[in-house]
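Asks: The structure follows.
Computed from the coordinates by the stated procedures, all read-outs in this text should not be read as laboratory data. Note that the coordinates shown come from a computational prediction; the quantities given were computed from them, not determined experimentally. Note that we place each Cβ from the backbone using ideal geometry, even for glycine, and neighbour counts take in every protein chain shown.
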Amino acid sequence: MASSRPGADWLRHPVSLAGAALATVSGVLVVVLFAASLLGLEGGPYLGILAYLLLPGLLVVGLLLVPVGAALERRRLVRLAARGAPEPPLPVMDLNQPRTRRRLLVFLGLTTVNLLVLGIASYKGLEVMDSPAFCGSCHSVMDPEASAHRRSAHARVACVECHIGPGASWFVKSKLSGAWQVVSVALDLYPRPIPTPVQNLRPARDTCEQCHWPTKLVGDRLKVITRHADDAASTPLRTVLVVHVGGAQGLGARTRGIHWHVDPGVRIRYLADEKREAIGTVELTGPDGARATFRSKAAAGEARWREMDCVDCHNRPTHVYRSPEDEVDAALAAGRIDAAALPFARREALKALRAEYPSHEAARAGIAAALGAFYAGPEGGGAPREAVERAAQELGEAWARNVWPSMRIGWGTYPSLLGHEAAPGCFRCHDGDHETEDGRAIRADCDLCHELLAQEEQEPAILKLLAP
């Protein structure tokens, strides 16, 4: 027999009871974890996912189960009435009754608390989803990118500031895209390696240029590049350049130098292959509105038009993968590999790095074994064991930073287009092969971008002149 008390059937069904219990436990846990975070608890990205994404979702599910259970209970009572039992009355809310008013106040109070908990959880959930730790939490997939981000110049810049930027529209687009990425990771549908460039990345004027203003006065920069020879002493050789970074030389002036390409008065668009490493057609619109089209004689498979911006040259602004030569030269220059104690340090380091290994652990062991064997032999000259072990550790870390067998990322998988050493870079357009119909070519002069003051010299005279 149904009870005639108003609202008495709301929590009589097991579904309602389960929903109420689920909502209560989830809400309490969210509040406890939020309070713990205010007191300084650091639990990593997974605690944030639990506290501000999973538990609020369970809270909402629990709240929805309460009316579902009530509806099921009422249907059960209606079936009883069909078999001869009196039809259960609809709940009556009489605010003249003190008990009803108390129940209403309790309901409104709990609803307010639930909305407050959901609001806090939603805010913190967005904060968690915007953190680099969350973006890098898909271990095997994002470990390479997260590792590169941590050692980059943008390590203190959150992923979303470049990949999403300000505004609600791009936030929604990114989360819709992220939903499919979650499915891809869960079902192992993602490609290895992750293809680049990212085709739906927001234009750089909305992201990069929030910090890096191309028309700001920059001028020329002195750059010293240190390489090492493969001789016994790993002799350092220095190349000195004056790089014409560019920038506007005064308020309202046109941008000069390299950053002329992204001057607000200049518009460059091009057709290229999917990886943007082979550019076939370039269209230039100058400040005066004049338009010129340059076509390559060897135009490859061309995709849709793309307007040039920062990432067409700075294609690895954060997630930088170095070459073996860059890693070894940097370690030698910084003293992390002791060239004085280790004969042929650069040559042997490159041999060890270029070998193939199935995993990071195998690479560390293999590099240590290779260096140990060489420096134990006659050509190694009986180098100190400590120096060999330090070099092996440094090279093992260098290999692990750049090569990820699980994602099929090897040396050179993600080349930088900034410059023209590891990849065509500038020479994609400035190759002398892109011409207009009347025979005008895109200039390929070196001094457009830099002036060479010294090239692979042990003691460049220019550096002595510039020394304080």
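Asks: What translational diffusion coefficient, in µm²/s and rounded to a whole number, does the Stokes-Einstein relation yield for segment 324-407 at 25 °C and a viscosity of 0.890 mPa s, taking the hydrodynamic radius as the Kirkwood radius over Cα pairs?
Replies: Result for D is 196 µm²/s.
Asks: Highest mean first, how do 282-294, 422-434 rank when packing is the count of other Cβ atoms within 10 Å averaged over residues?
Replies: For the peptides 282-294, 422-434, the packing ranking is 422-434, 282-294.
Asks: Given the Cα-Cα distance of R440 and A36 and 0.36 nm per residue of separation, how much length would full extension add, in nm?
Replies: Going from the current span to full extension adds 138.7 nm.
Asks: Which value in nm describes the separation of the simple spin-label points at K223 and L54, placed 7 Å from the Cα toward the beta carbon?
Replies: With each label point 7 Å from Cα toward Cβ, the separation is 4.7 nm.
Asks: Also: Once amide H atoms are built 1.01 Å from N in the peptide plane, which residues 5 or more positions from I409, or in another chain, come under 5 Å H to H?
Replies: Those lying under 5 Å, H to H, from I409 are W404.
Asks: Would you mind putting 187-198, 259-270 in packing order, based on average other-beta-carbon counts within 10 Å, highest first?
Replies: The densest-packed peptide leads the list: 259-270, 187-198.
Asks: What ranking, highest mean first, results for peptides 371-383, 311-323 when packing means the other Cβ atoms within 10 Å averaged over each residue?
Replies: Packing proxy ranking, top to bottom: 311-323, 371-383.
Asks: Pop out the ³J(HN,Hα) list for segment 261-266 in order, Karplus 6.51 cos²θ - 1.76 cosθ + 1.60 with θ = phi - 60°, rounded to Hz; leave Gly and Pro as x.
Replies: 4, 10, 4, x, x, 10
Asks: Would you please give the FRET efficiency between R103 and L176, computed as 1/(1 + (r/R0)^6) with r the Cβ-Cβ distance and R0 = 30 Å, to the nearest 0.05?
Replies: Efficiency, from the Cβ-Cβ distance: 0.15.
Asks: Right, here's the next one. Once the piece of chain linking S131 and R269 is laid out straight, how much longer is it, given 0.36 nm per residue of separation minus the C-alpha distance between them?
Replies: Result for the pair: 46.3 nm of gain on full extension.
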